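To keep things clear, I will list the structure first and then write my remarks on it.
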Amino acid sequence: MSAVQNGGQSAGAITYAGGQNIDLANVEHELAGLWRQAGEAAAEAGQRSVTRACLWNLVVYQPPPEQRYGRPSAPRLLDDVTAAVPSRLLRLELRPEAEAPSGGKAVSAWVNTKCNISPAGGHQICTEEIGIAGFGRKGQAHFPALVRALLVPDLPVALVWLDSAPHKGRLLRDLLRLSDRILVDTQPSAEGATLIEVDELVRETHAQFVDLGWMRLTPVRYMVASLFDAPGRPEQLKHLEGIRIDTTPSGRNSGFLLLGWLLSRLGKLELSAEDAAGREAEFRWKIRQENGSFPIEFHVREGEGGLDGLLCLDVAAGGEHFVLRQVDALHVALDSPDHGGKKLALHGWDDPELVVAGLGGPGLDALYPEALNIAARLIGAEAWNR
Amino acid sequence: MNPLRDGLIKERVPAPQVMVIFGASGDLTRRKLLPALYTLARERQLPSPFSVVGFARRPKSDEDFRGEMREGCDRFARRRPVDETLWSSFAECVFYQQGSFDDAAAYAALKTRMEEIDAKLGIPANRLYYLSTPPSAYPTIIDNLGAAGLVSRAYEPFTRIIVEKPFGRDLESAQVLNRQVKQVFREAQIFRIDHYLGKETVQNMLVFRFGNGIFEPLWNNRYVDHVQITGAEAIGVEGRGAYYEEAGILRDMVQNHLFQVMSLVGMEPPISMDSNSVRDEKVKFLRSLRHIPDGKVDEYVVRAQYASGHVLGESVPGYKEEPGVDPQSTTETYVALKLLVDNWRWANVPFFLRSSKRMPKRVTEIAIHFRQAPHQLFGNGTGKGPVPNVLSIRIQPNEGIALHFGSKIPGPTTDIAPVNMEFLYGTSFGNEPPEAYERLILDAMLGDSTLFTRDDEVEASWTFITRIHQAWAEQKKKQIPVFEAGSWGPSEADELLGEGMHWRRP
Ligand SMILES: NC(=O)c1ccc[n+]([C@@H]2O[C@H](COP(=O)([O-])OP(=O)(O)OC[C@H]3O[C@@H](n4cnc5c(N)ncnc54)[C@H](OP(=O)(O)O)[C@@H]3O)[C@@H](O)[C@H]2O)c1
C-alpha cells in the first residue's frame with residue numbers, strides 16, 4: 001500500500017493505493033486496511049479525522065479505448081466529482097482478452113482511497129475506488145454479479161456511462177437493473193442513432209436518465225424561451241413559418257435534442273421527412289401545425305459552437321424571425337423584434353459540474369423523454385403524428 | 001402563457017431584474033452582498049439579464065465601484081479564486097449611482113439610470129431594492145422611493161424590497177416601521193432579512209423534523225426534558241461600542257436570530273411549505289411564549305457583561321473598557337433566558353436560550369435534551385450510569401447534527417459511556433453549503449419569502465422582548481453581573497436551570 005500526494009488529480013487530494021490484483025473476496029478487507037492507513041496518516045500529520053462518507057454508489061463503465069469518445073475519461077472526471085459527492089466508485093474496465101493475467105482469470109481487481117481535505121474544517125473526506133478489469137467477453141460477464149456484491153447497502157446506485165455511446169447490450173441492461181440512475185452523454189456521439197437507442201432505453205427501464213448532452217442545453221433553452229416572453233409572442237408560435245438550426249459536426253445531437261424540445265412544446269404536430277438532396281441542409285422535414293405547415297432545416301457546418309456545439313437557431317413565426325446565435329465561445333446574441341441583437345454571456349457548466357448536478361437533482365428532467373423521443377423520430381425520419 | 005417556459009420554471013431562475021443596493025459603499029455590500037451575487041453568477045443562478053446598481057453618498061465612478069467590489073469578491077466570495085472571464089461579464093452589469101438618501105433629485109437620477117439599463121439589457125422594469133444602510137435611513141429611503149414613482153404595487157413588473165436588520169428597536173418602533181414600509185409596499189413585497197434563516201442547518205431543521213418519520217413523534221413534552229439554544233461569539237464589540245450601548249445582546253441576537261431558530265424548533269408542522277403556512281406556525285409559537293410575570297424578570301432572565309479575560313489566545317479588555325462604552329454601563333453583552341411555552345406540545349418543557357459576546361469560541365447550536373429512561377437498570381450507584389440523550393444541531397461552525405447516547409463499555413461490566421453519532425454537512429456532502437446571503441438574495445429575486453420575517457412575526461417577538469427591556473428599565477440597576485471573558489458566562493445563569501441541570505459545553 002502506498003500514499004501518493006496529488007497523484008495526478010485535483011489539488012489537495014491524496015491517494016492511498018491498495019494492492020493490485022487482489023482477491024475479489026477480500027475487497028472490503030483491503031479497503032478497511034486503506035481506511036486505517038488514511039486515518040493514521042491524518043493523525044500523524046496532525047489533521048482531523050478521516051471521514052468515510054458516502055452518498056452514492058457510482059458504477060463507472062469504461063469500454064476499451066477504441067470505443068471511447070476520446071474525451072477525458074470518466075474516472076478522471078469523477079476525481080473532481082467525488083471531492084464534492086463522496087461515493088464508492090466501482091470502476092468496470094473492459095480490456096482485451098489477450099491482456100488477461102496468467103492463470104486464466106477473467107477478472108482482476110484493485111482498490112484505492114482518494115482523500116480530499118474538507119472545505120468545512122480539516123476533515124479528510126475520502127472516496128473509495130474499487131477497480132475491476134474484465135478481460136474479453138468472459139470477463140465482462142462477471143461484472144453484474146460483482147457489482148451486486150460490492151454495492152454499499154441502502155445507498156442509491158448511479159451508473160456512469162460517459163465514455164461511449166450507451167449501446168443496448170446485455171451488460172448495459174444488467175447494470176441498469178441494479179441502478180437508480182444512469183448518467184450518459186449523447187452529445188459527443190457522432191451518431192444520431194445514439195439518441196434512438198437512448199430513447200428506447202428510457203422507455204424500457206426504470207432507472208432515471210441523466211443526459212449531460214441535454215443538461216448542456218439548459219441555458220440555451222431558457223434563452224430560446226425568453227424570445228417568446230413578450231405579450232403576443234406565444235401566439236406567433238402557433239403560426240410557424242420555418243425553423244432552421246445550425247450546429248457544428250460535434251453538436252448534431254445537441255441540435256436534435258433542442259429541436260425535439262422545441263417541437264414538444266408546440267402542441268399537436270405531424271411530421272414527415274423531406275428530401276434534403278440538392279440543398280445545403282443535411283436534413284429537412286415538413287411539419288404540419290394546426291394553422292398550416294412549415295419546413296425545418298438542419299445545417300451542419302464548422303464554427304465556434306459553445307460547449308454544446310450549437311451555432312444558430314432561427315425560428316420564423318408570424319412574419320418575424322426569432323434568432324439565437326452563438327457569437328463566440330462565451331456569448332450568444334438574441335435577435336428578435338424584442339431583443340434587437342442583445343448579447344448575453346453564456347456560462348456553460350463544465351463536465352464535473354454537470355455530473356454533480358446530475359447526481360444532485362431529482363434525476364430525470366420531465367421534459368427530456370418527450371424531447372428525446374421527438375429527436376429520435378426526426379433522426380429516424382419516422383413520420384409521426386402527435 | 002409562453003409554452004416554451006413549461007417545465008423550465010422549476011429550475012428556480014429568477015426573472016430579469018435590476019437590484020439596487022442602498023448603502024453600497026458599506027461593509028455589508030463588500031463583504032457579503034456582492035460576493036454572494038458573484039457566487040450566484042458563478043453557479044448560474046442569477047437572472048439573465050441582470051444588473052446591480054450601488055447607491056451611496058460618496059462620489060465614485062462605475063469603474064471605482066467595480067474595483068472595490070472585485071476586491072471584496074477576491075477576499076470574501078465562497079467560490080474563489082474569482083474567474084476572470086466570468087467577472088468581466090458580471091462586472092459589465094454592475095453600476096454605481098451617487099446620491100444622498102434625502103435628496104429627491106437623486107431618486108429621479110436613479111430612475112433614469114435604471115430605465116437606461118432596462119433598455120440596454122432588455123429588463124422588463126423588475127426591481128429589487130436592498131436597504132443596507134443605518135436603520136435610521138430606512139423611512140427616508142422608503143418614502144423617497146414611493147414619491148419618485150420607483151415602487152409599483154403590481155405583480156408584474158415586480159418591485160420588492162429587502163430590509164436589513166435591525167427591524168425596530170422595540171415593539172413600538174417596529175410597528176411604526178411596519179406601517180411606514182407598508183404605506184409604500186404590500187407585505188408580499190417586503191423581505192425582512194434575518195441571515196440566520198439563510199443558513200443551511202436552520203433550513204434543515206424543517207427537513208429534519210418534518211421530512212423524517214422518526215424524530216417528530218419524540219418532539220414533545222413526553223420525551224423532551226428541555227431545550228438549550230446557544231448563540232456564542234468569541235469577538236467583543238469590535239469598535240462598535242457606541243452602537244452596542246444602544247443595542248445590547250437581547251436586541252442584537254435574541255429578538256431576531258435566536259427567536260427565529262427557536263420558533264423553527266418549536267413550531268407545529270405547517271400545512272404546506274409555502275411561505276405563509278410556515279410563517280403562520282412560527283408566529284403561533286412565538287405567541288404561545290408565556291410572558292414573564294411582573295416583578296419576576298430576574299427569575300427568567302439573567303443579563304451580564306464580560307470583564308477582561310482571555311479569548312482564543314488573546315488578552316481582551318472588559319466591556320466597560322471598550323471605546324465608546326459608558327464606564328457605568330448596564331448594557332448586557334450576555335443574556336440567558338428561561339422560556340415557557342403555553343401549548344399542548346411544550347407544556348412544562350423549558351427552552352433555555354443564551355447568547356453572548358466574548359465566549360470561549362464562536363458557536364451556535366440547538367440542543368434537545370431528552371428525558372431519562374423511566375427505569376434505570378444500569379450503573380446503579382457507580383456514577384457510570386445512564387447518559388442523558390441529547391440531540392445537538394450545530395448551526396455554525398461545522399454545521400451538523402449529533403446524537404449523544406450511552407453505550408456499554410466493552411468488558412465484563414455494564415458500565416456505560418457517552419458516545420456520539422454524528423452527521424456533519426462538510427463531510428457528508430463534500431461541497432460547501434451556500435452562504436446565507438446567497439440563498440436569501442436568490443429567494444428574494446424569486447419572490448419566495450418563506451425564509452424572511454413577516455410583520456406579525458417581528459411584532460410578536462418584539463412584544464416579548466420589549467417587556468423584558470421595560471422590566472429592566474424599571475429595576476434601575478446600577479450594575480449587572482460580570483463574568484470573565486473567555487468563560488461560558490456568569491454563575492447566575494446556572495441558577496436559571498433546574499436542579500441537576502447544567503448548560504451544555506458546546
Ligand atoms: N456589516 C455587517 O456585517 C452586517 C451584518 C448584518 C447586518 N448588517 C446591517 O446592514 C446594514 C448595513 O451595514 P453596513 O455595515 O454595510 O453599514 P455601513 O458600513 O455603516 O454603511 C452604511 C452605508 O450607508 C450609506 N449612507 C449613510 N448615510 C447616507 C446618506 N444620507 N445618503 C447616502 N448614503 C448614505 C453610506 O454611504 P457613504 O459611505 O458613501 O456615506 C454607506 O454606504 C445595517 O443595517 C446593519 O445593521 C450589517
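Some values worked out for this structure:
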read-out: Total residues in region A:220-232, condition more than 7 Å from every other protein chain (Cβ to nearest Cβ) and buried (at least 20 other Cβ atoms within 10 Å of the Cβ); value: 3
read-out: Whichever residue in region B:150-173 is of a type outside the set (Val, Ile, Thr) and more than 23 Å from the chain's Cα centre (by Cα) and, among such residues, is most open to solvent (accessible area, probe 1.4 Å); value: B:Tyr155
read-out: Total residues in region B:109-139, condition surrounded by fewer than 20 Cβ atoms within 10 Å (Cβ to Cβ), within 31 Å of the chain's Cα centre (by Cα) and away from the ligand (no atom under 16 Å from the Cβ); value: 1
read-out: Members of region B:297-356 that are open to solvent by 60 Å² or more (accessible area, probe 1.4 Å), in a loop (DSSP other than H, G, I, E, B) and among the acidic types (Asp, Glu); value: B:Asp326, B:Asp342
read-out: Residues of region B:231-255 that turn out to be touching a strand residue (DSSP E or B) at 6+ places or on another chain (Cβ under 9 Å) and on the phi > 0 side of the Ramachandran plot, as a count; value: 1
read-out: Residue that is nearest to the other protein chains (Cβ to nearest Cβ), among those in region B:174-196 that are away from the ligand (no atom under 14 Å from the Cβ), within 17 Å of B:Thr463 (Cα to Cα) and open to solvent by 10 Å² or more (accessible area, probe 1.4 Å); value: B:Arg179
read-out: Test: residue in region B:403-410 that is surrounded by 15 or more Cβ atoms within 10 Å (Cβ to Cβ), assigned to a strand (DSSP E or B) and touching a residue at least 40 places away in the same chain (Cβ under 8 Å); value: no
read-out: In region A:55-84, the residues that are within 14 Å of chain B (Cβ to nearest Cβ) and surrounded by fewer than 24 Cβ atoms within 10 Å (Cβ to Cβ); value: A:Leu55, A:Trp56, A:Asp79, A:Asp80, A:Ala84
read-out: Qualifying position, being within 29 Å of A:Leu334 (Cβ to Cβ) and not in a loop (DSSP other than H, G, I, E, B), among B:Asp143, B:Asp118; value: B:Asp118
read-out: Residues satisfying the stated conditions in region B:53-76, i.e. away from the ligand (no atom under 12 Å from the Cβ) and among the hydrophobic types (A, V, I, L, M, F, W, C); value: B:Val53, B:Met69, B:Cys73
read-out: Residue within region B:35-52 that is within 13 Å of the ligand (Cβ to nearest atom) and within 28 Å of B:Leu145 (Cβ to Cβ) present; value: yes
read-out: Candidate set: region A:299-341, residues that are under 28 Å from A:Ser189 (Cβ atoms), assigned to a loop (DSSP other than H, G, I, E, B) and open to solvent by less than 30 Å² (accessible area, probe 1.4 Å); chosen: the one modelled with the highest pLDDT; value: A:Gly309
read-out: Options A:Leu359, A:Leu344, A:Leu354, A:Leu372; residue that is over 25 Å from A:Leu77 (Cβ atoms), buried (at least 20 other Cβ atoms within 10 Å of the Cβ) and in the same structural domain as A:Glu302 (by TED's automatic domain parsing); value: A:Leu344
read-out: Residue in region A:109-132 that is under 18 Å from A:Tyr61 (Cβ atoms), open to solvent by 20 Å² or more (accessible area, probe 1.4 Å) and more than 22 Å from the chain's Cα centre (by Cα) present; value: yes
read-out: Helices (runs of 4 or more DSSP H) contained entirely in region A:205-285, each with at least 1 residues that are farther than 26 Å from A:Glu353 by Cα and touching a Leu at 6+ places or on another chain (Cβ under 9 Å); value: A:233-236, A:252-264
read-out: Filter result (crowded, with 16+ Cβ neighbours inside 10 Å and not in a helix (DSSP H, G or I)) within region B:454-483; value: B:Arg454, B:Ile480, B:Pro481, B:Val482, B:Phe483
read-out: Residue that is most open to solvent (accessible area, probe 1.4 Å), among those in region B:10-34 that are away from the ligand (no atom under 16 Å from the Cβ) and more than 10 Å from every other protein chain (Cβ to nearest Cβ); value: B:Arg12
read-out: Those residues of region B:211-228 which are within 27 Å of the chain's Cα centre (by Cα) and exposed (fewer than 13 other Cβ atoms within 10 Å of the Cβ), in sequence order; value: B:Gly211, B:Asn212
read-out: Those residues of region B:82-126 which are within 12 Å of another protein chain (Cβ to nearest Cβ) and either touching a His at 6+ places or on another chain (Cβ under 7 Å) or free of Cβ contacts under 8 Å to residues at least 12 places away in the same chain (or both), in sequence order; value: B:Glu84, B:Thr85, B:Leu86, B:Ser88, B:Ser89, B:Glu92, B:Ala119, B:Lys120, B:Gly122
read-out: Positions within region B:482-501 being under 27 Å from the mean Cα position of the chain (by Cα) and over 12 Å from B:Arg354 (Cβ atoms), in sequence order; value: B:Val482, B:Glu484, B:Ala485, B:Gly486, B:Ser487
read-out: Within region A:375-386, considering residues that are outside any strand (DSSP E or B) and either of a type outside the set (A, V, I, L, M, F, W, C) or at the interface with another protein chain (Cβ under 9 Å from one of its Cβ atoms) (or both), the one surrounded by the fewest Cβ atoms within 10 Å (Cβ to Cβ); value: A:Glu382
read-out: Subset tally (residues that are away from the ligand (no atom under 16 Å from the Cβ) and either more than 14 Å from chain A (Cβ to nearest Cβ) or at pLDDT 95 or above (or both)) for region B:148-169; value: 9
read-out: First in region B:13-39 and within 15 Å of B:Ala444 (Cα to Cα), second anywhere and near the ligand (Cβ under 8 Å from one of its atoms) and part of a helix (DSSP H, G or I), Cβ under 8 Å, 6 or more apart; value: B:Ile21/B:Thr29
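The values are calculated or read from the model by the stated rules, or taken from the named source; none is laboratory data. Quick caveat, the model's predicted, so the values are computed rather than measured. Glycine gets a Cβ as well: all are built from the backbone with ideal geometry, and neighbour counts include every protein chain shown. What goes into the accessible areas is simple: the full protein's heavy atoms, side chains included, and nothing from ligands, DNA or RNA. Shrake-Rupley method; radii C 1.70, N 1.55, O 1.52, S 1.80 Å.
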